[in-house]
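Student: Questions regarding the structure given below will be posed in turn.
The values are calculated or read from the model by the stated rules, or taken from the named source; none is laboratory data. No experiment lies behind these values; they were computed from the predicted model shown. Cβ placement follows ideal geometry from the backbone for every residue including glycine, while neighbour counts extend to all protein chains displayed. Note: accessible area is taken over every heavy atom of the protein model, side chains too, but ligands, DNA and RNA are not part of it. Shrake-Rupley method; radii C 1.70, N 1.55, O 1.52, S 1.80 Å.
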Amino acid sequence: MNFSFQDSWGQEIYFDISSKEKKTLLGSRKVHYLLKITVGDSWAEFFASEFSESHVGMGEIVESVASSDGPVFVANVDWAPASSLFEQQVVGVPAGWWVLCFMDVEVEPVRAVFSPDRFGELLRVLVGMSDKGL
């Protein structure tokens with residue numbers, strides 16, 4: 001399933017949800033849903049289950065499982081440890097906002113920003129999709 005969503009600065013972000021089946025050690029099969037986020041030429045894949053209101057609402061940083069440009073995080077800028085690379089990369093983003101940050105990219109590592117309300121809207125869209133079996 002594909003859809004697009006604008007971040008708080010009006011940038012179009014593309015989402016693709018797909019499933020990947022894995023065989024467990026005991027021979028059963030488990031389905032993982034992957035959320036691919038694309039901004040411009042860069043993309044990152046995450047486990048879709050990590051985009052729940054309970055997961056990110058408890059202060060969890062969502063880390064990519066694959067990407068075009070090294071590690072990628074979706075996180076609230078308030079969680080940036082002092083003097084960290086992440087703190088340097090989110091300079092200028094308002095407190096309480098969420099970012100999609102490509103950590104190994106030197107120029108414009110923050111590729112998308114979401115106000116708390118806009119991020120909540122995105123989570124509701126993703127949770128609504130998971131309620132439909134995605």
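Student: Listed residues Trp79, Trp97; which is at pLDDT 90 or above, farther than 18 Å from Val127 by Cα, open to solvent by 30 Å² or more (accessible area, probe 1.4 Å) and under 16 Å from the mean Cα position of the chain (by Cα)?
Tutor: Working: Trp79 fails: at pLDDT 90 or above.
Step by step, each of Trp79, Trp97 is checked, and only Trp97 is at pLDDT 90 or above, farther than 18 Å from Val127 by Cα, open to solvent by 30 Å² or more (accessible area, probe 1.4 Å) and under 16 Å from the mean Cα position of the chain (by Cα).
Student: In the stretch 1-54, how many are outside any strand (DSSP E or B), closer than 14 Å to Ala112 by Cα and either open to solvent by 100 Å² or more (accessible area, probe 1.4 Å) or among the hydroxyl-bearing types (Ser, Thr, Tyr) (or both)? Break it down stepwise before answering.
Tutor: Looking only at the stretch 1-54, we keep the residues that are outside any strand (DSSP E or B), and these are 1, 7-11, 24-28, 40-41, 48-54.
Subset that is closer than 14 Å to Ala112 by Cα: 7-11, 40-41.
In the following step, the residues that additionally are either open to solvent by 100 Å² or more (accessible area, probe 1.4 Å) or among the hydroxyl-bearing types (Ser, Thr, Tyr) (or both) were identified as 8-9, 41.
Final tally of qualifying residues: 3.
Student: Which condition number in (1) modelled with pLDDT under 90; (2) under 21 Å from Met129 (Cβ atoms); (3) open to solvent by 30 Å² or more (accessible area, probe 1.4 Å) is the one that Val107 fails?
Tutor: Every listed condition holds for Val107 apart from (2).
Student: Can you report the number of residues in the stretch 64-76 which are open to solvent by 30 Å² or more (accessible area, probe 1.4 Å) and either among the aromatic types (Phe, Trp, Tyr) or touching a helix residue (DSSP H, G or I) at 6+ places or on another chain (Cβ under 8 Å) (or both)?
Tutor: 1
Student: Now a separate question. Which condition does Glu121 not pass, out of (1) part of a helix (DSSP H, G or I); (2) under 12 Å from the mean Cα position of the chain (by Cα); (3) not β-branched (Val, Ile, Thr), if it passes all the others?
Tutor: (2)
Student: Let me ask something else. Find the residue count for the stretch 111-124, including only residues that are surrounded by fewer than 18 Cβ atoms within 10 Å (Cβ to Cβ) and in contact with a strand residue (DSSP E or B) (Cβ under 7 Å, 6 or more places away or on another chain).
Tutor: The qualifying residues number 0.
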